[in-house]
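Inspection log for the structure reproduced underneath, given as structure tokens.
Every number in this text was worked out from the coordinates using simple rules, so none of it is lab data. Being a predicted model, the structure only gives us computed values, none of them experimental. Quick reminder, even Gly has a Cβ in these numbers, built from the backbone with ideal geometry, and neighbours come from all protein chains shown.
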Amino acid sequence: MAGKIIVVEGTDCSGKETQTKLLEQSLKELGIDCIRFEFPMYDTPTGKIVGGDYLGKPEIGPSLFEEGAVQVDPYVVCLYYAADRKYNMPKILKYLNQDYFVILDRYITSNLAHQGSKIKDKEERFHMYQWIDKLEYWLLDLPKPDETLFLHVPYEYSLELRKNRTNIDEHEKSPEHLQQAEKAYLELAELYHWDTIECVRDNTLRSIEDIHEEIVQKIKKMI
């Protein structure tokens, strides 16, 4: 397997979808074979289980968890997301084996942040990070990314940006969860040495083009 995996991760409303699509376009213009995927893959069987039965996304179906998605044991939740990645990995490996740059909008990194954020005790939270690493990279044999870019939008800005969104899921409805997830992301970015891209500069949200240019410059170093 000679291809590269580029993961674009980020806090709520950080523009992961927009930036991964722009990155795919820019790499193709540079003559690089690349393809973009996003997790969960909501149009697949496992993705529908995550999106509907667990998250309760309006366009897929209601959540089956009466206690609410945010209250479900994070170790249980990790298994759903990991299953979606394992189920859909063959289509990604096909491109990696053809030397493609595979751009992923969210990956194992999301499990680390969103589920780890539910654990308040720092020592126990670090144990969960190790457990997820072992589950997905070792037991499920999922490939590790070659580059992880973390788009950081501070919680206060995320709240303002999400006011215009209508199809939000159970996680996105919880301000407390989003705030704790941001803290976990920042912790993980330092722990795993992710490349952090600050989407707010001088108290102002940076333009899509400005953020994209920074991303492209970082990826060019891999080429």
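Compute the relative contact order of region 87-217 as a whole-number percentage, counting only Cα pairs closer than 8 Å that sit 6 or more residues apart in sequence. Mind showing how you got there, number by number?
Numbers: 84 pairs, mean separation 36.3, N = 131.
Reported as a whole number, the value is 28 percent.
Which value results for Rg/Rh of the chain when Rg is the Cα radius of gyration and Rh the Kirkwood radius based on the inverse mean 1/r?
0.94
Add -39500 (n - 2.57) for each DSSP H run of 4 or more in the chain, then divide by its residues: what number comes out at 222 nm, to the nearest 500 deg cm²/dmol?
Computed ellipticity for the chain at 222 nm equals -13000 deg cm²/dmol.
Just rank S207, S158, S26, S14, fewest to most, by other beta-carbon atoms within 10 angstrom.
Going from least to most buried by this count: S207, S26, S158, S14.
Of G68, Q98, I108, which is farthest on the positive side of the dipole of region 43-128, counting Cα position, with +1 on Lys and Arg Cβ, -1 on Asp and Glu Cβ, and the Cα centre as origin?
Toward the positive end, the furthest listed residue is Q98.
Non-local amide H neighbours of I103 (under 5 Å, H modeled in plane, Pro and chain starts lacking H): which ones?
For I103, the qualifying residues are I6, I35, R36, F37.
Among the listed pairs K94/K118; K16/K122; K91/K183; K91/K120; K57/K218; K4/K120, give every one whose C-alpha distance is greater than 31 Å.
Correct reply: K94/K118; K91/K183; K91/K120; K57/K218; K4/K120.
When a/c is below 1.5 the answer is rounded, else prolate if a/b is larger than b/c, else oblate, so apply that to region 52-100 with a ≥ b ≥ c taken from the square roots of the Cα gyration tensor eigenvalues.
prolate
So which DSSP H runs in the chain come out at 24 Å plus along the axis (Cα) with average Kyte-Doolittle of at least 0.0? Let's see the in-between values first.
Details: long enough: 74-96 (31 Å, -0.03); 175-192 (25 Å, -0.65).
Passing helices, by number: none.
Can you say what percent of the DSSP beta bridges in the chain, counting only those with both residues inside, are antiparallel? Round to 5.
Working: 2 of 21 bridges.
If I count the DSSP bridges inside the chain, around 10 percent turn out antiparallel.
If amide H atoms are built 1.01 Å from N in the plane of the peptide, which residues on other chains or at least 5 residues away come under 5 Å of the amide H of T148?
Under 5 Å from the amide H of T148: V7, D195.
Starting from a Cα-only point model with no solvent, please compute log10 I(q)/I(0) by Debye for region 1-117 at q = 0.13, 0.22 1/Å.
Log-scaled intensity ratios, in q order: -0.55, -1.29.
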